[in-house]
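Okay, structure first, notes after.
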DNA sequence: GCGACAG
DNA sequence: ATCTTGTCGC
C-alpha cells in the first residue's frame with residue numbers, strides 16, 4: 001500500500017484517540033517490544049504487577065516481515081505481531097508501555113496510539129529518541145521533565161528517568177493523560193533508564209529473534 | 001533541493 | 001533495529 005493511503009488511514013485513526021486520565025486502579029502494567037529476525041518479527045508483551053513490578057505473565061509471537069521500517073510508519077510494521085501477542089494474554093493489562101511514540105507523531109498516531117485504538121486499551125508511548133516536536137533539555141536529576149511541543153500544542157514529555165542519562169520521550173498513546181504518562185513511566189523506571197516492563201519485553205523478544213537466526 | 005527521520 | 005568487548009565516566 002502507498003504511504004499516501006497509510007497517511008489518510010493514520011489521520012482517520014488519530015481522530016479516535018482519547019486523552020483522559022485513567023480512573024481504574026492499575027494492577028497490571030505491560031511492556032511491549034518487537035525484535036527483528038532474518039525472516040520475521042518477534043513480539044513480546046510482559047505483564048507486571050503494579051506497583052510491585054513483579055512479572056506475572058509473558059507472551060511471545062512471530063509474524064512475517066511484511067513491511068520495511070519507514071520513519072512515521074513504524075506501526076504498520078510492528079502492529080500485526082503485537083496484536084497476535086495481545087490475543088494470547090490471559091491477564092489483560094490495565095495499561096501498556098510501548099516502545100515508540102504515542103501522539104508525538106506527525107499525524108498524531110505513533111505506534112502506541114495506533115495499538116491503543118485497535119485494542120481499545122490504555123497505552124503510553126515510551127521512545128528513546130525524538131521523532132516529532134521541539135523541546136529543551138530537562139535538568140539533570142531523575143524526574144526532571146520538559147514539554148515536547150509543536151507550536152503552542154503539547155504533544156508529549158521529555159522525561160529524565162535516571163540522573164544524567166538521556167531522557168525518554170513520553171507521550172499519551174490512548175485512554176491516558178500527560179499526568180498518567182509521567183507517573184507510570186517514572187514509577188516503573190527506577191533502576192534503569194528504560195521502564196522495567198519494556199526492558200523485559202526487549203530482552204525476551206531479542207533472545208527469541210536470535211534463535212530464529214541460528 | 002536540503003536536512004530530519006520512533007524502531 | 002542490529003553487529004559486539006572492553007571500557008570510560010559517574
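The values are calculated or read from the model by the stated rules, or taken from the named source; none is laboratory data. Values in this document were obtained by computation on a predicted structure and should not be read as measured data. Neighbour counts are summed over all protein chains in view; Cβ atoms, including those assigned to glycine, are modelled from backbone coordinates with ideal geometry.
Condition first: part of a strand (DSSP E or B) and farther than 18 Å from residue A:189 by Cβ. Can you find one or more residues in region A:114-122 that meet it?
Scanning region A:114-122, I find no residue that is part of a strand (DSSP E or B) and farther than 18 Å from residue A:189 by Cβ, so the answer is no.
Scanning region A:44-64 for residues that are touching a residue at least 40 places away in the same chain (Cβ under 8 Å) and more than 17 Å from residue A:124 (Cα to Cα), which turns out farthest from DNA strand B (Cβ to nearest atom)?
So the residue we want is A:55.
Please determine whether any residue of region A:150-165 is in contact with a helix residue (DSSP H, G or I) (Cβ under 8 Å, 6 or more places away or on another chain), assigned to a loop (DSSP other than H, G, I, E, B) and within 17 Å of residue A:15 (Cβ to Cβ).
For region A:150-165, residues in contact with a helix residue (DSSP H, G or I) (Cβ under 8 Å, 6 or more places away or on another chain), assigned to a loop (DSSP other than H, G, I, E, B) and within 17 Å of residue A:15 (Cβ to Cβ): absent.
Could you please find all residues in region A:71-110 being near DNA strand B (Cβ under 8 Å from one of its atoms) and surrounded by fewer than 15 Cβ atoms within 10 Å (Cβ to Cβ)?
Residue satisfying the conditions is A:71 alone.
Limited to region A:123-135, what total is found for residues that are away from DNA strand C (no atom under 16 Å from the Cβ) and either modelled with pLDDT under 95 or in a loop (DSSP other than H, G, I, E, B) (or both)?
The initial filter retains those residues of region A:123-135 that are away from DNA strand C (no atom under 16 Å from the Cβ), namely A:123-124, A:132-135.
Still in the list and also either modelled with pLDDT under 95 or in a loop (DSSP other than H, G, I, E, B) (or both): A:132-133, A:135.
Here the count works out to 3.
Conditions (1) touching a strand residue (DSSP E or B) at 6+ places or on another chain (Cβ under 6 Å); (2) buried (at least 22 other Cβ atoms within 10 Å of the Cβ); (3) assigned to a helix (DSSP H, G or I), marked per residue:
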| position | (1), (2), (3) |
| --- | --- |
| A:112 | yes, yes, yes |
| A:137 | no, no, no |
| A:140 | no, no, no |
| A:143 | no, no, no |
| A:146 | yes, no, no |
| A:169 | yes, yes, no |
| A:172 | yes, yes, no |
| A:179 | no, no, yes |
| A:198 | yes, yes, yes |
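Might you check whether a residue that is under 23 Å from residue A:95 (Cα atoms), within 16 Å of DNA strand C (Cβ to nearest atom) and surrounded by 20 or more Cβ atoms within 10 Å (Cβ to Cβ) occurs anywhere in region A:14-32?
yes
Consider residue A:198 carefully, then state whether it is under 23 Å from residue A:56 (Cβ atoms) and within 13 Å of DNA strand B (Cβ to nearest atom).
yes
Within the bounds of region A:27-39, is there any residue that is under 30 Å from residue A:1 (Cα atoms) and out of contact with any strand residue (DSSP E or B) (no Cβ under 9 Å at 6 or more places or on another chain)? Please lay out each step first, then the result.
Initial filter on region A:27-39 (under 30 Å from residue A:1 (Cα atoms)): A:31-39.
Then keep just the ones that are out of contact with any strand residue (DSSP E or B) (no Cβ under 9 Å at 6 or more places or on another chain); that gives A:38.
Looking through region A:27-39, at least one residue is under 30 Å from residue A:1 (Cα atoms) and out of contact with any strand residue (DSSP E or B) (no Cβ under 9 Å at 6 or more places or on another chain).
Assuming residue A:121 fulfils every condition listed in (1) more than 14 Å from DNA strand B (Cβ to nearest atom); (2) closer than 21 Å to residue A:174 by Cα; (3) in contact (Cβ under 8 Å) with a residue 60 or more places away in the chain; (4) touching a helix residue (DSSP H, G or I) at 6+ places or on another chain (Cβ under 9 Å) apart from one, which condition is it?
Unmet condition: (3).
Could you list, in sequence order, all residues of region A:116-135 that are loosely packed, with under 13 Cβ neighbours inside 10 Å and at positive phi?
The one that is loosely packed, with under 13 Cβ neighbours inside 10 Å and at positive phi: A:120.
Considering only region A:181-196, how many residues are free of Cβ contacts under 8 Å to residues at least 12 places away in the same chain and either buried (at least 16 other Cβ atoms within 10 Å of the Cβ) or near DNA strand C (Cβ under 10 Å from one of its atoms) (or both)?
Going through region A:181-196 one residue at a time, the tally reaches 1.
Residue A:203: assigned to a helix (DSSP H, G or I), more than 15 Å from DNA strand C (Cβ to nearest atom) and either farther than 15 Å from residue A:128 by Cα or at pLDDT below 95 (or both), yes or no?
Against the criterion (assigned to a helix (DSSP H, G or I), more than 15 Å from DNA strand C (Cβ to nearest atom) and either farther than 15 Å from residue A:128 by Cα or at pLDDT below 95 (or both)), residue A:203 does not qualify.
Taking region A:149-164 as the region of interest, how many residues are away from DNA strand C (no atom under 16 Å from the Cβ) and within 16 Å of the chain's Cα centre (by Cα)?
If we filter region A:149-164 for residues that are away from DNA strand C (no atom under 16 Å from the Cβ), which is where we start, we get A:149-159.
Adding the requirement that they be within 16 Å of the chain's Cα centre (by Cα) leaves A:155-159.
Of the residues in that region, 5 qualify.
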